[in-house]
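In what follows, a structure is listed as structure tokens, so that the remarks can point back to it.
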Amino acid sequence: SGPQGSGKSHPLFTTLKLYPKSAYYLITSGSAKSLYNLNDGLKHKALNLTEALQLQSGRQGDNELAYCIRTLISEGHLKYQYTGFIDKKKVTIKQELKGPTSLLTTTIHGQLEGQLDDRMITIHPNTTAEQTRDIISRTAEMASGNGDPVDKKTLDAWKLFYESLEPVEVVIPYAKNLAEFINRNGALPISTRRAFKRVLATIKTIALIHQ
């Protein structure tokens, strides 16, 4: 989340070069029910939404795409049923989109739609004048052909490494101690319930990357 032109999309698209296409699903926008018809699903994939126009705060009311993405992130799957016809007979058809799925997106607003925002972790780009000068210098180097691009073999090695990974269960032996420490503060806001889950998810992620 950051001002226009601050470089939010650059790291998003740059890091995607490290991953095989099977690791993520990139979209610009989508209709409410378009997620249900994905043939390969989104299990253990990152959903990359280039600009969170339909997920931003300040929009009037909720919308179905935001609701679907919110449910997918929280519950790990989506289920949808509708009336259709098989052999000219009216039947109930069920569709399911399997996760778990993570979401990466960018916004110029301070936060996303309220119920989605408190399920996410928000980071902000460096907006200092020094960083602007560094970006201009780096952009000029790349344009003049003097940059230091990562070679294809290195990128392929990272993709092969990712494809060799397998899902694992991460255990936090000291999770109870963290909970007791937080609960010592007495009355806690309701937002703490989801915030604590994000803390645990961050610890699990760091532990997994470290191993």
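The values are calculated or read from the model by the stated rules, or taken from the named source; none is laboratory data. Everything numeric in this text was worked out from a predicted model, so none of it was measured. Cβ coordinates were reconstructed from backbone atoms using ideal geometry, including for glycine residues, and neighbour counts include every protein chain displayed. The accessibility values were calculated without ligands, DNA or RNA, using every heavy atom of the protein model including side chains. Shrake-Rupley method; radii C 1.70, N 1.55, O 1.52, S 1.80 Å.
Just to confirm my numbers, what's the Cα centroid distance between segment 93-141 and segment 1-35 in Å?
9
Count the net charge of all other residues whose Cβ sits under 13 Å from the Cβ of D118, scoring Lys and Arg as +1 and Asp and Glu as -1.
Working: positive: R70, R119, R193, R194, K197, R198; negative: E113, D117.
Spelling it out: positives minus negatives among the neighbours equals +4.
Sort the following peptides by mean Cβ neighbour count (other Cβ atoms within 10 Å, averaged over residues), highest first: 100-106, 156-162, 137-143. Mind showing how you got there, number by number?
Details: 100-106: 18.6, 156-162: 12.6, 137-143: 10.7.
Put in order of decreasing packing, that is 100-106, 156-162, 137-143.
Which percent of the accessible heavy-atom area of the chain goes to carbon and sulfur, probe 1.4 angstrom? List each step's numbers first, then the result.
Details: 8450 of 15230 Å².
Carbon plus sulfur share of accessible area: 55 percent.
If you count, for each residue, the other Cβ atoms within 10 Å and average over each peptide, how do 174-182, 28-36 line up from highest to lowest? All intermediate terms of the calculation are to be shown ahead of the outcome.
Working: 174-182: 11.2, 28-36: 13.3.
Per-residue Cβ counts within 10 Å, averaged per peptide and sorted highest first, yield 28-36, 174-182.
Gain in length, L16 to V91, computed as 0.36 nm per residue apart minus the alpha-carbon separation, to one decimal in nm?
Working: separation 75, 0.36 × 75 = 27.00 nm, distance 4.15 nm.
Additional length available on full extension: 22.8 nm.
At V170 and I135, where each label point lies 7 Å from the Cα along Cα→Cβ, what is the point-to-point distance in nanometres?
The two pseudo-label positions are separated by 2.9 nm.
By per-residue mean of other Cβ atoms within 10 Å, what is the highest-first order of 86-96, 66-76? Spell out each step's value before the answer.
Details: 86-96: 8.6, 66-76: 17.5.
The peptides rank, most packed first, as 66-76, 86-96.
Using θ = phi - 60° and the Karplus form 6.51 cos²θ - 1.76 cosθ + 1.60, what ³J(HN,Hα) does each residue of segment 83-90 get, whole Hz, x for Gly and Pro?
8, x, 10, 10, 6, 6, 10, 6
Can you give the extra length, in nm with one decimal, that the chain gains between A201 and N146 once fully stretched, where that is 0.36 nm per residue apart less the Cα-Cα distance?
Roughly 15.8 nm would be gained on extension.
With the other protein chains left in place, how much accessible area per residue, in square angstrom, belongs to the chain at a 1.4 angstrom probe? Show your work: numbers first, answer last.
Details: 15230 Å² over 211 residues.
Averaged over the residues of the chain, the accessible area is 72 Å².
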